[in-house]
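Q: Got a structure for you, written out below as structure tokens; questions coming shortly.
Values in this text are rule-based calculations from the coordinates and carry no lab data. This structure is a prediction, so every number in the text was calculated from the model and none was measured. Here the Cβ positions follow ideal geometry from the backbone for every residue, glycine too, while neighbour counts run over all protein chains shown.
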Amino acid sequence: MQASYDAAAVERAAQEFWAARRSFEVREDPARPKYYCLSMFPYPSGRLHMGHVRNYTIGDVLARFRRMQGYNVLQPMGWDAFGLPAENAAISNGVPPARWTRQNIDYMRAQMRALGFAIDWSRELATCDASYYRWNQWLFLRMLERGIAYRRTGVVNWDPVDQTVLANEQVIDGRGWRTGAPVEKREIPMYYLNITRYGEELLRALDGLPEWPERVRVMQANWIGRSEGCEVTFPWSADARAALCDAASPGLRVFTTRVDTLFGVTFLAVAAEHPLATAAARTRPALADFVEACRRGSVMEADLATQEKKGMPTGLHAQHPLTGEALPVWVANYVLMGYGEGAVMGVPAHDERDFEFATRQGLAVRTVVVPADGSYHEVGAAWQPAYADHGMTVNSGEFCGLDFDGAVERITAALEERGLGRRRVQFRLRDWGISRQRYWGCPIPVIHCPACGTVPVPDEQLPVVLPEDLVPDGSGNPLAKSAAFYVCTCPKCGGAARRETDTMDTFVDSSWYYTRYACPDARAAMVDARVAYWLPVDQYIGGIEHAILHLLYSRFWTRVMRDLGEVSFSEPFTRLLTQGMVLNHVYSYQPEGGRKRYFNPAEVRTRRGADGTAVYEVAAADRGTLQVVHEGLGKMSKSSGNGVDPQSLVERYGADTARLFTMFASPPEQTLEWSDEGVQGAARFIRRLWAAVYEHVGAGAPPPLQPSALTGPQRELRRTAHQTLVKVADDIGRRHNFNTAIAAVMELLNAVARHDDGSDAGRAVRHEALRIAVLALSPVTPHVCHALWQALGSQTALVDERWPQADAEALRQDSLDIVVQVNGKLRGRVTVPAQADEATVRAAALADEQVRRFLADKPVRRVIVVPGKLVNVVV
RNA sequence: GCCCGAGUGGCGGAAUUGGUAGACGCAGCGGACUCAAAAUCCGCCGCCCUUAAAAGCGUGUCGGUUCGACUCCGACCUCGGGCACCA
């Protein structure tokens with residue numbers, strides 16, 4: 001054994017050992033319990049960032065721990081290889097996305113190997129491989145057959161200068177990112193997946209995911225947004241009927257959850273895209289301008305929700321379904337075409353948005369619900385949240401004096417009788433639009449024939465292969481300009497036809513990759529029998545930012561596969577761990593009138609200024625130093641220039657130090673603050689562990705441990721070691737708090753360092769303690785532990801070692817320290833035998849001198865004894 | 001705007017089911033070793049008042065429940081994630 005720790009040599013040796021033994025390649029083994037441990041696959045952006053290191057280290061710790069517990073552990077890895085950044089790179093440097101992506105994958109794979117993850121690389125896949133995405137296409141065709149996939153128009157961001165569709169990310173302050181032109185909305189035909197068909201099931205099944213974080217389930221439930229309400233038809237007045245020229249339309253249909261407020265309706269409002277708005281705009285230029293104005297701006301919900309509530313009357317009317325009153329119909333920008341019917345009934349007295357709108361437009365406010373406690377009888381001039389509460393109906397004709405449930409029931413019945421309403425469940429969840437007008441994605445397998453219409457590509461012609469030599473230039477999809485791609489013959493009539501040039505949303509790729517890992521080489525089918533052994537995923541690890549979309553789409557896609565008989569489970573991920581972001585300090589400098597520049601914290605030096613406050617400086621290229629501003633902590637990102645390159649970290653300290661620091665600095669669900677000093681602390685601990693083993697081994701092999709013949713301090717160290725075993729297993733296996741598991745091993749090493757005992761028994765106890773420390777830390781720092789395990793004289797490889805049971809005899813305690821409080825304040829401590837009963841503990845507490853001082857001569861009113869912990873004396 | 005989180009010493013964090021607030025680490029201070037520095041080892045380290053001890057105060061703010069609250073409840077403030085075409 002080397003006297004000093006050489007991370008590079010230790011890590012190379014361990015990785016070569018694992019590679020030669022193919023330690024992490026796994027097969028189905030029905031005799032052993034399986035554990036499928038999966039981290040979200042990365043987008044191959046070029047290099048790993050610290051978020052990846054954190055994500056994959058968490059997964060690796062869990063995978064290695066479960067392996068030690070005897071599970072047959074699968075930990076695969078792959079690449080979410082389609083997406084926008086490859087096109088952006090192509091625009092700026094002319095390299096085809098395929099080449100850029102594959103180079104990035106090669107580089108990042110090497111980085112991952114250097115970090116020593118226990119990955120079965122034989123299962124690696126990339127979503128840009130035709131052998132993978134052909135099954136996206138195959139399943140899409142099955143969905144098309146069943147009506148789960150369908151075509152309709154949808155709204156997109158349109159850059160009028162580049163003549164291209166923009167992603168939300170490419171819209172900055174309502175303008176195109178490259179052209180700066182104001183973005184417009186445009187309706188184009190797109191493919192949708194009918195996820196709302198599964199809305200009810202996706203919502204209910206959340207209850208069957210007890211090992212998902214509560215907040216993720218809540219977010220998904222809110223996203224699905226099931227609400228029970230009523231669909232109400234307001235019959236057209238003559239003016240609206242005339243304008244619409246649609247005899248089939250009986251009236252304006254709205255959805256409401258508050259049909260109890262029906263008598264408070266003073267106006268109706270429709271979205272700018274609603275057919276009535278279009279019809280009314282034909283004869284009213286001002287309204288046409290307003291509708292046109294609503295079409296400008298982005299399609300993002302956050303923008304729509306924060307914009308000023310504007311509206312304009314259509315001049316048309318519809319009739320109240322029960323009173324026949326003529327109600328004005330407005331166009332309002334806060335009504336969304338995508339939700340419900342694209343029209344709402346306006347009840348200013350009992351809905352905050354309607355109240356704001358009515359106040360601004362001078363529309364009437366009619367109170368129809370009052371609280372049971374009589375706290376108000378009339379809605380006032382300023383909005384109060386209580387106005388939206390359920391209460392008792394008033395001013396509602398024959399429906400007065402009813403509570404919410406009663407009013408809903410009777411009013412709905414009255415509407416049903418007239419054929420103007422019915423109960424309905426409405427979801428906030430919308431169908432999933434998967435068409436992207438982009439090149440670097442999975443082609444949608446349909447053909448447009450002038451004679452036959454839209455024709456699915458026959459299965460035997462799959463995959464529709466994406467050509468890999470095209471280079472996007474920012475002016476639209478190059479597939480749409482590539483005759484070699486789009487010119488084809490119709491599979492039905494054999495005539496000339498045009499291939500669909502839209503590609504699929506990359507969320508499709510990531511909706512089932514975890515299933516394919518079970519059988520990455522299956523050629524004849526999407527999945528095969530091996531899936532039944534490995535799936536569902538036992539532990540999924542990834543960023544909280546995926547809490548809704550990716551996880552919901554995966555749950556949906558899995559159900560579609562289930563209904564097609566491809567898999568037999570409904571939920572793909574049994575346990576979910578959502579890791580927090582990695583943060584670092586942000587430093588910037590903005591010259592007057594110039595552009596703000598960011599500086600990496602590694603370049604910034606801190607010193608005390610004349611007044612004692614911190615001054616931050618960087619060395620300027622030309623002369624002297626430049627004073628920069630500390631903006632606080634921010635997510636590590638290219639744009640803030642505050643990233644830490646894992647590569648240089650591994651080169652400087654080794655993979656184990658990188659892994660140890662990221663696991664120790666904070667619990668996985670919380671944000672992680674980068675700290676160079678913390679990294680050094682992690683490196684220091686590994687050196688200390690190495691030195692302790694080196695020193696111990698240098699004294700020769702100790703004799704076998706005789707547990708029954710130990711001194712007090714020897715028993716104490718042994719107890720600490722076995723307690724550590726229990727705590728680390730619980731912290732890693734149940735709590736996923738790796739930071740406290742590591743702290744426990746640090747405490748054990750501190751105890752070993754204090755254990756200054758050269759006797760045979762003392763050395764035997766130390767030997768056991770060091771073995772336990774190395775074993776317990778091995779999921780986190782596998783390389784150095786691999787070497788130390790050998791140094792401690794083990795015949796077996798650590799990677800094949802089992803997690804030992806703690807020795808109950810070693811854990812046993814003879815006496816306990818009990819805390820004594822007087823009126824809830826800590827006043828003393830007493831030591832009692834471990835078996836002492838409540839009366840003994842109580843007597844010992846009351847007899848304690850410190851305690852008696854605080855009791856003085858006051859009568860004891862009550863004594864609370866918490867067994868094994870504390871006594872509280874109340875006076 | 002809507003939905004979901006988080007706030008504890010100089011710093012990262014610990015306190016697992018309502019029961020000792022500050023484990024472990026970082027930084028700092030003092031000491032040992034060294035010609036010296038680095039590394040390493042030992043000790044101290046919430047605030048306040050103190051020679052010291054003891055007392056008092058203390059988990060974003062305000063209020064409540066309880067013998068007892070970082071933990072539960074209500075209101076507020078600040079920071080972060082998501083909002084359907086970034087992944």
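Q: Calculate for chain A the 222 nm mean residue ellipticity that helices alone would give, adding -39,500 (n - 2.57) per DSSP H run of length 4 or more and normalising by residue count, nearest 500 deg cm²/dmol.
A: Roughly -10500 deg cm²/dmol at 222 nm, from the helical runs in chain A.
Q: Which residues does a label at A:ARG687 reach in region A:641-663, if reach means a backbone N under 11 Å from a point 7 Å past the Cα toward the Cβ?
A: Inside the label zone: nothing.
Q: In addition: Applying the Karplus parametrisation 6.51 cos²θ - 1.76 cosθ + 1.60 with θ = phi - 60° to the phi angles of region A:682-690, what ³J(HN,Hα) value in whole Hz is obtained for each residue in order, glycine and proline being reported as x?
A: 5, 4, 4, 5, 5, 5, 5, 5, 4
Q: Note the per residue figure in Å³ for the convex hull of the C-alpha positions in region A:354-401.
A: Cα convex hull per residue, to the nearest whole number: 78 Å³.
Q: How do A:CYS294, A:CYS245, A:CYS128 line up, fewest other C-beta atoms within 10 Å first? Before the final figure, lay out the partial values.
A: On the way: A:CYS294 22, A:CYS245 9, A:CYS128 26.
Least to most surrounded, the residues fall as A:CYS245, A:CYS294, A:CYS128.
Q: Pick out, from A:ALA272, A:ILE105, A:GLY391, the residue whose Cα sits farthest towards the positive end of the charge dipole of chain A, with +1 on the Cβ of Lys and Arg and -1 on the Cβ of Asp and Glu.
A: A:ILE105
Q: Just for the Cα atoms in region A:28-111, what are the lengths along the principal axes, largest first, rounded to whole Å?
A: 52, 26, 19
Q: May I ask for the angle, rounded to the nearest 10°, between helix A:404-417 and the longest principal axis of chain A, with both axes built from Cα atoms and the value confined to 0 to 90°?
A: The answer is roughly 40 degrees.
Q: Sticking with the crude label model, points 7 Å out along Cα→Cβ, report the distance from A:ARG215 to A:GLU669 in nm, one decimal please.
A: 0.8 nm
Q: If you line up the long axis of helix A:738-754 against the longest principal axis of chain A, both from Cα atoms, how many degrees apart are they, to the nearest 10?
A: Its long axis makes an angle of about 10 degrees.
Q: In region A:721-815, what trypsin sites (Lys or Arg not before Pro) fall in a loop by DSSP, with at most 12 other Cβ atoms inside 10 Å?
A: A:ARG802, A:ARG812
Q: Quick check: residue separation of A:ASP403 and A:ALA181 times 0.36 nm, minus the Cα distance between them. What number comes out in nm?
A: Difference between extended and current length: 74.6 nm.
Q: Ok, one more. Amide H neighbours of A:TYR587 under 5 Å, counting only residues 5+ apart in sequence or on other chains, H built in-plane at 1.01 Å?
A: Amide H neighbours of A:TYR587, under 5 Å, 5+ apart: A:PHE599, A:GLU631.
Q: Please work out the Cα center distance from region A:402-433 to region A:790-804, rounded to the nearest Å.
A: 67 Å
Q: On to the next question. So how far apart, in nm, are the two label points at A:ARG32 and A:ASN395 if each is 7 Å from Cα heading toward Cβ?
A: The two pseudo-label positions are separated by 7.4 nm.
Q: What is the Cα convex hull volume of chain A when expressed per residue in Å³?
A: 269 Å³
Q: Shifting gears a bit: Exceeding 26 Å between C-alpha atoms, which entries from my cross-link table qualify? They are A:LYS825/A:LYS858; A:LYS185/A:LYS481; A:LYS309/A:LYS635. Each step should come with its number before you reach the end.
A: On the way: A:LYS825/A:LYS858 16 Å; A:LYS185/A:LYS481 23 Å; A:LYS309/A:LYS635 33 Å.
As for pairs spanning more than 26 Å Cα to Cα, those are A:LYS309/A:LYS635.
Q: How long is the gain from A:ARG197 to A:GLU468 if the chain were fully straight, where each residue apart is worth 0.36 nm and the alpha carbon distance is subtracted?
A: 94.0 nm is the gain from fully extending A:ARG197 to A:GLU468.
Q: Still on this structure, please answer the following. Run the quick spin-label model on A:LEU564 and A:ALA847: label points 7 Å from Cα toward the beta carbon, then report their separation in nm to one decimal.
A: 7.7 nm
Q: Next question, about the same structure. Aspartates and glutamates near A:LYS727 by alpha-carbon distance under 12 Å, same-chain residues fewer than 8 away left out - which ones?
A: A:GLU747
Q: Below 8 Å, C-alpha to C-alpha, sequence gap of six or more: please give me the relative contact order for region A:379-507 in percent.
A: 25 percent
Q: On to the next question. Using modelled backbone amide H atoms (1.01 Å from N, in-plane), which distant-in-sequence or interchain residues come within less than 5 Å of A:LEU576's amide H?
A: Answer set, sorted by chain and number: A:TRP212, A:TYR540.
Q: Cα axis of helix A:838-847 to longest principal axis of chain A: angle in degrees, 0 to 90, nearest 10?
A: For helix A:838-847, the angle is close to 70 degrees.
Q: Students often forget the sequence filter, so: which lysines lie under 28 Å Cα-Cα from A:LYS638 once same-chain residues fewer than 8 apart are removed?
A: Result set, ordered by chain and number: A:LYS596.
Q: Turning to a different aspect of this structure: R0 = 25 Å: FRET efficiency of A:LYS869 with A:ARG734, Cβ-based, nearest 0.05?
A: That pair, A:LYS869 with A:ARG734, gives E of 0.70.
Q: Sticking with this one: Residue by residue through region A:456-468, which ³J(HN,Hα) values in whole Hz follow from phi under the Karplus form 6.51 cos²θ - 1.76 cosθ + 1.60 (θ = phi - 60°), with glycine and proline marked x?
A: x, 5, x, 3, 6, 9, 7, x, 6, 7, 7, x, 9
Q: Name the residues of region A:265-304 whose amide N is less than 18 Å from a point 7 angstrom out from the Cα of A:ARG424 along the C-beta direction?
A: Counting backbone N atoms under 18 Å from the label point, the list is A:268-277.
Q: Mean separation of Cα pairs under 8 Å and 6+ residues apart, divided by the residue count of chain A: what relative contact order is that in percent?
A: 13 percent
Q: Indicate the gyration tensor shape class of region A:262-374 (rounded, prolate or oblate), computed on the Cα atoms with a ≥ b ≥ c the square roots of the eigenvalues: a/c under 1.5 is rounded; otherwise a/b larger than b/c is prolate and the rest oblate.
A: On the way: a/c = 2.13, a/b = 1.41, b/c = 1.51.
Cα axes put region A:262-374 in the oblate bin.
Q: Mind checking the dipole of region A:185-274: about its Cα centre, +1 per Lys or Arg Cβ, -1 per Asp or Glu Cβ, Debye to the nearest 20?
A: Working: 10 positive and 12 negative charges, 39 e Å.
Dipole magnitude for region A:185-274 comes out near 180 debye.
Q: If I take every Cα pair under 8 Å that is 6 or more residues apart in region A:1-108, average their sequence separation and divide by the length, what percent do I get for the relative contact order?
A: Computed over region A:1-108, the figure is 32 percent.
Q: For A:ALA743 and A:ALA797, FRET efficiency with R0 = 25 Å and r from the beta-carbon atoms, rounded to 0.05?
A: Working: r = 27 Å, r/R0 = 1.09.
Here the calculated transfer efficiency is 0.40.
Q: Now a separate question. Separation of region A:178-235 and region A:498-522 by C-alpha centroid, Å?
A: 22 Å
Q: Taking the dipole about the Cα centre of region A:289-426, with the C-beta of Lys and Arg at +1 and of Asp and Glu at -1, give me whichever of A:GLY401, A:ALA318, A:ALA364 is farthest to the positive side.
A: The one lying farthest along the dipole's positive direction is A:ALA318.
Q: If you find the alpha carbon centre of region A:306-366 and of region A:1-17, how far apart are they in angstrom?
A: Going from one Cα centre to the other spans 72 Å.
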